[in-house]
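Here it is: the structure, laid out below.
The values are calculated or read from the model by the stated rules, or taken from the named source; none is laboratory data. Remember, it's a predicted structure, so these values are computed and weren't measured experimentally. Cβ placement follows ideal geometry from the backbone for every residue including glycine, while neighbour counts extend to all protein chains displayed. Heavy atoms of the whole protein, side chains included, go into the accessibility calculation; ligands, DNA and RNA do not. Shrake-Rupley method; radii C 1.70, N 1.55, O 1.52, S 1.80 Å.
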Amino acid sequence: MPRTKKSKQKKSSDSAVQGTNDSSVVSKCSAAAQGYFKDPFLQHFVAKVTRRAPLINRGYYVRWRAVDHCVRTFLQVTAKCPNRQILSLGAGFDSLYFRLRADGALNDAVVFEVDFPDVARRKAALIASNINLRGMLDSCLPSLTGPVYVSSSHHLLLGLDVRDESQLEDALGAAGLDWTAPTLILSEVVLTYMETQWSDAVISWAAERLPQSLFVMYEQIHPHDPFGRIMQEHFVKLSSTLHALLQYPDTSTQRRRFLDKGWDCCVCLDMNDFYSQLVPEEERRRVESLEPFDEHEEWHAKCSHYFILTASRGSLMQQALLPVPVSPAPPVSPSWSPAALNVRTVPVCLEGMGMASTWTGPDQVLLTGGSGRGGRKAESRALVRGPEGWRSIAVEPSEHLGVRLHHTLTRLPAGGAVIHGGRASPLRPVEGLFKLTFEPRLLPAAAEPTCGDALKVCVEPMICTGSPPSPRWRHTSAVVQHRGRDFLFVFGGKNRSDSVLGDAFFLCLDRQNWTEIPVDGTAPAARHSHSACSYQGGALVFGGLSPRGTPLGDTALLRQTETGFLWETVDVRPPPVPRCSHCAHVVGDKLVVVGGVWWSSEGVPGVVVIDLNTCSSREFSLDTSSVPWPLMLHSFCSELTDPSEPKLLLIGGGGNCFSFGTHLNPQLVSVDLRPVLD
């Protein structure tokens, strides 16, 4: 390739990387404006404060919190040192210096910031034109010719390409960097934009030149799962490829990277671990109360794809390393079976997440609620299986079912179904129950749908006596039996106050009465986004999210007794990996759990089969090579097809991948269960 062409491509890529600074500071400013953290200086670096979605605000909060934790720890450890300094690489429009200076946290510390000359020039101009920022410097701004664009006793801003090691070293030395003083090197999503040979060189250079130092890095990991694929594609579209991901795809390889490049010690945590174990519970409650929020799968996925790392040189800096979280229980890793289950495309285009589904007849599945590309959906659909396979048709309900997500649709033994709960938004739960009944048959199935094809659904509000459950969503419903009668068993969920629920309710279906039934034993912990399946007159509850927001992996059996029910814990070995937002089915004496979200770094959930006789489990991955990728199995529906040829029909699913875009599975897929049920 001609040198001029390479130079043009490099300049274009550098400009794109610089553009990520502008987007990042707007998002940080949004989080600060909504009270996630205190930073009155960010607003001076944006043209307008723009409110981002709650998921993005939370994502930038946990980034800010992790970096702030590391910076404050460094300043505490070095409090008695006469000279100490922070070297921020690719600082962009970060307000770290101004925030620390306003808090009185700098004392004798000096903040050096380095970024491309164009970014440094723009930042210096903003500082010079703003009285609030300019007033926090104790000397005049130099001319905007570089490489030093801002110079004061505690803050220096340099316009340099970090990849030019010789120029960087000379300019920092001339600006007064003390190579022997305790130094924090900060890199927030900077090195990954460089080709790996350059980022590795920066890490090695810092270890060699700064013998008493702490390196703090915040970046992305896990490029190959569905979220990681969407994340990578987003940055490629921005001409800001994440180069480090392929060679260093997880926390263990990132840690090894620093140790191999000359650092003495290294601790690397993904943001799920940081948030759940290093952010105090009181602070988590405060943050989680700031905005209505119901994107739990996306939040955990985002946190599992970013990490905070600290690496140390010198004995003093070892004290500033991130503490390794002490979990109350050792993490559970999947014990994969050598067999992978075949996944095949079903040629029906149907998108949606947060829907509910149930069989309405031998060859038809009803889908209600959910949301799609056009927003929340009020219409329902049906899937019909004919000689030519599955197809989607319209539903004509006798009464409008309204907009609802994360509700339950439970098939009744006597026919029909009950729809319960759900939400229109995190502030608008849906109240009341509806009973759905269906016409005995459809018009004859055809290879192609016609305008006359529609499932007729009779919708009747259920007027029930007794004390009903409070409005909720992300709960479960299953049919259980007590003294010869069928009951709708409702368990768990969450409500508009963001409380996670652990209560249980029984609705007598023929009397339409919420009934108190004695339940002995220790009830499962409160949870939402779990599963519950009817089993031998009782119910099996598995997984979900706890009140702390951590996935659960327990299995609880609500067993029939002469007087009522009894909760029993099923001690499954090996224990399944904790997960949430999955689907589950009972096949004989086996509980089949598919999909969901977990915190494990090893792949994504496939199918786990729990043998209820032996209390054993086997984990199976999914062979998705023949279906459109990525396949995102949360906020989806699952139905079990013919017992004689057991397959799972997976419907919908997807989510908002942080700020990278929304992914919706475009087609139905099926999973062949025969290998796991033999």
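List, in order, the whole-Hz ³J(HN,Hα) value for each residue of segment 206-217 obtained from phi through the Karplus relation with A = 6.51, B = -1.76, C = 1.60 and θ = phi - 60°; use x for Gly and Pro.
Working through the residues one at a time gives 5, 5, 6, 8, 10, x, 10, 8, 10, 9, 10, 10 Hz.
Also: Treating only the Cα positions of segment 242-339 as identical point scatterers, give the base-10 log of I(q)/I(0) from the Debye formula at each q in 0.19, 0.21 Å⁻¹.
-1.11, -1.21
Could you compute how fast the chain diffuses translationally, taking Rh as the Kirkwood radius over C-alpha pairs and applying Stokes-Einstein at 4 °C with viscosity 1.567 mPa s? Give it in µm² per second.
Numbers: Rh = 27.4 Å.
Diffusion coefficient, whole number: 47 µm²/s.
Another question, then. Quick one: longest stretch of the chain between exposed loop trypsin sites (Lys or Arg not before Pro), exposed meaning at most 14 other C-beta atoms within 10 Å and loop per DSSP?
In short, 81-372.
Within 13 Å, Cβ to Cβ, of Val148, how many net charges do the neighbouring residues add up to if Lys/Arg are +1 and Asp/Glu are -1? Show your work: numbers first, answer last.
Numbers: positive: Arg121, Lys123; negative: Glu113, Asp115, Asp170.
Residues near Val148 contribute -1 overall.
Evaluate the Debye formula for segment 496-644 with equal point scatterers sitting on the alpha carbons, no solvent, and hand back log10 of I(q)/I(0) at q = 0.09 Å⁻¹, in q order, two decimals.
The Cα Debye sum returns log10 ratios of -0.31.
Can you give the Kirkwood hydrodynamic radius for segment 171-274, in Å, rounded to one decimal and based on Cα pairs?
On the way: mean 1/r = 0.0675 Å⁻¹.
Taking every pair of different Cα atoms in segment 171-274, averaging 1/r and inverting gives 14.8 Å.
Continuing with this model, one more query. Taking the Cα centre of the chain as origin, sum charge times position over the Cβ atoms of Lys and Arg (+1) and Asp and Glu (-1), and report the length of that vector in debye to the nearest 20. Walk me through the intermediate numbers first.
Details: 66 positive and 69 negative charges, 257 e Å.
About 1240 debye.
Using a 1.4 Å probe, what is the accessible area per residue for the chain, in Å²? Working shown, then result.
Numbers: 27490 Å² over 678 residues.
Here the per-residue accessible area is 41 Å².
Can you tell me how much longer the chain between Ser166 and His400 gets when fully stretched, taken as 0.36 nm per residue apart minus their C-alpha distance, in nm with one decimal? Present the calculation step by step, with values, prior to reporting the outcome.
Numbers: separation 234, 0.36 × 234 = 84.24 nm, distance 6.98 nm.
Gain on stretching Ser166 to His400: 77.3 nm.
If each Cα of segment 504-566 is one equal point scatterer, what is log10 of I(q)/I(0) from the Debye formula at q = 0.21, 0.25 Å⁻¹?
Reported log10 I(q)/I(0), two decimals: -0.93, -1.13.
Here's another thing I want to ask about it. What area, in nm² and to one decimal, does the C-alpha convex hull of segment 466-542 cast on average over all directions?
On the way: hull surface 20.5 nm².
For segment 466-542, the mean projected area of the Cα convex hull comes to 5.1 nm².
At most 12 other Cβ atoms within 10 Å and a DSSP loop assignment: could you name the chymotrypsin sites (Phe, Trp or Tyr not before Pro) in segment 615-666 that fit? Present the calculation step by step, with values, prior to reporting the outcome.
Working: sites: Phe620, Phe636, Phe658, Phe660; in loops: Phe658, Phe660.
Passing sites in segment 615-666 do not exist.
Kirkwood hydrodynamic radius of segment 24-124 from all distinct Cα pairs, in Å? The partial results should precede the final answer.
Numbers: mean 1/r = 0.0692 Å⁻¹.
Taking the inverse mean of 1/r over all distinct Cα pairs, segment 24-124 comes out at 14.5 Å.
List, in order, the whole-Hz ³J(HN,Hα) value for each residue of segment 359-369 obtained from phi through the Karplus relation with A = 6.51, B = -1.76, C = 1.60 and θ = phi - 60°; use x for Gly and Pro.
6, 10, x, x, 9, 8, 10, 9, 10, 10, x
Sticking with this structure for a sec: Pick out, in residue order, every one of the GluC sites (Glu not before Pro) in segment 596-678 that is DSSP loop and has at most 15 other C-beta atoms within 10 Å; say none if there are none. Walk me through the numbers on the way to the answer.
On the way: sites: Glu602, Glu619, Glu639; in loops: Glu602.
Within segment 596-678, the qualifying GluC sites (Glu not before Pro) (loop, at most 15 other Cβ atoms within 10 Å) are Glu602.
Tabulate in residue order the Karplus-calculated ³J(HN,Hα) for segment 300-310, using 6.51 cos²θ - 1.76 cosθ + 1.60 with θ = phi - 60°, rounded to whole Hz; enter x for Gly and Pro.
Running phi through 6.51 cos²θ - 1.76 cosθ + 1.60 with θ = phi - 60° gives 5, 5, 4, 5, 6, 9, 9, 9, 10, 10, 10 Hz.
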